[in-house]
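The values are calculated or read from the model by the stated rules, or taken from the named source; none is laboratory data. Note that the coordinates shown come from a computational prediction; the quantities given were computed from them, not determined experimentally. All Cβ positions, glycine included, derive from the backbone under ideal geometry; neighbour counts span all protein chains shown.
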Amino acid sequence: MLTAIEALNRLREGNRRFATSVRSLDTLMSQTRRGEFVDGQEPFAVILGCSDSRVPVEIIFDQGLGDLFVIRVAGNIVAASQIGSIEFAAERFGTRLVVVLGHTHCGAVKATLEELQRPSENQSRNLRSIVDRIRPAVEGLLMTDLRHEPDVLAQQAVRANVRVSANHLRYGSEVLEHLSQHDGLLVVGAEYSLETGEVEFFDGIPSADAQ
């Protein structure tokens, strides 16, 4: 199994290929090897990403079958089921890199900002549950001058939400915290740009490996 840093570099390399419209032959051929994964899997990274249709994780990292353990939920929020899924992958498969992946122009983050600025009366309780998980990450930004700059506010809110989710994973799970302290698990935050196709890893990156 790859170390966290080796896995991070593999994701970076895959994203560079995607952003420059190059596909790996191994990725293209992975579907012909699907029989190899019937009895097991060894994903080298766990990605907690947004459900947005413009951010298909395996594609933007140019990875194939069996490479990534992907959890997608609107706003890349962290709830018990997401934590449990990540714990499962880390313990069962030995995966040592966890990436919280946000993206520019995130609809869930935008909806949360709108709700905080102009509360609605008929929002469904299910949608509100997503808003309530994003709220702590972004409401402080509305107390600053950023509230007068909606585009900058939205950009900062996406990253703030990623940081909060990543910290929740680092310190909200005894399993993940133990693996981080004793067995090389790394939780990092990243943002995918819809405009460029590039992923920037900006949170939790060891200084020697920062971009």
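Going residue by residue through the stretch 34-42, is there one that turns out to be of a type in the set (A, V, I, L, M, F, W, C) and without any contact (Cβ under 8 Å) to a residue 40 or more places away in the chain?
Just the residues of the stretch 34-42 that are of a type in the set (A, V, I, L, M, F, W, C), to begin with: 37-38.
Keeping just the survivors that are without any contact (Cβ under 8 Å) to a residue 40 or more places away in the chain gives 37-38.
Yes, the conditions are met somewhere in the stretch 34-42.
For the stretch 29-134, which strands (runs of 3 or more DSSP E) that fit wholly inside it have 2 or more residues that are at pLDDT 95 or above, surrounded by 13 or more Cβ atoms within 10 Å (Cβ to Cβ) and touching a Pro at 6+ places or on another chain (Cβ under 7 Å)?
68-72
Note down all Cβ pairs under 7 Å where the first residue falls in the stretch 5-21 and is touching a residue at least 40 places away in the same chain (Cβ under 8 Å) and surrounded by 15 or more Cβ atoms within 10 Å (Cβ to Cβ), the second is among the β-branched types (Val, Ile, Thr) and part of a helix (DSSP H, G or I), and they're at least six residues apart or on different chains.
Partner pairs satisfying both residue conditions: Asn15/Ile60; Phe18/Ile59; Phe18/Ile60.
Could you grab the pairs with beta carbons closer than 9 Å, sequence gap of 6+ or different chains, first residue in the stretch 101-115 and without any contact (Cβ under 8 Å) to a residue 24 or more places away in the chain, second one charged (D, E, K, R) and in a helix (DSSP H, G or I)?
From the stretch 101-115, the pairs are Glu115/Arg128; Glu115/Arg135.
Across the stretch 134-153, which residue is farthest from Cys50 (Cα to Cα) among those that are of a type in the set (A, V, I, L, M) and in contact with a Ser or Thr (Cβ under 9 Å, 6 or more places away or on another chain)? Walk me through it before giving the result.
The first filter runs over the stretch 134-153 and keeps only residues of a type in the set (A, V, I, L, M), leaving 134, 137-138, 141-143, 146, 152-153.
With in contact with a Ser or Thr (Cβ under 9 Å, 6 or more places away or on another chain) added as a condition, the list becomes 134, 137-138, 153.
Values: Ile134: 12, Ala137: 16, Val138: 17, Leu153: 19 Å.
Top of the filtered list is Leu153.
Report, by residue number, each residue of the stretch 160-206 that is acidic (Asp, Glu), outside any strand (DSSP E or B) and over 21 Å from Met1 (Cα atoms).
Glu174, Glu195, Glu198
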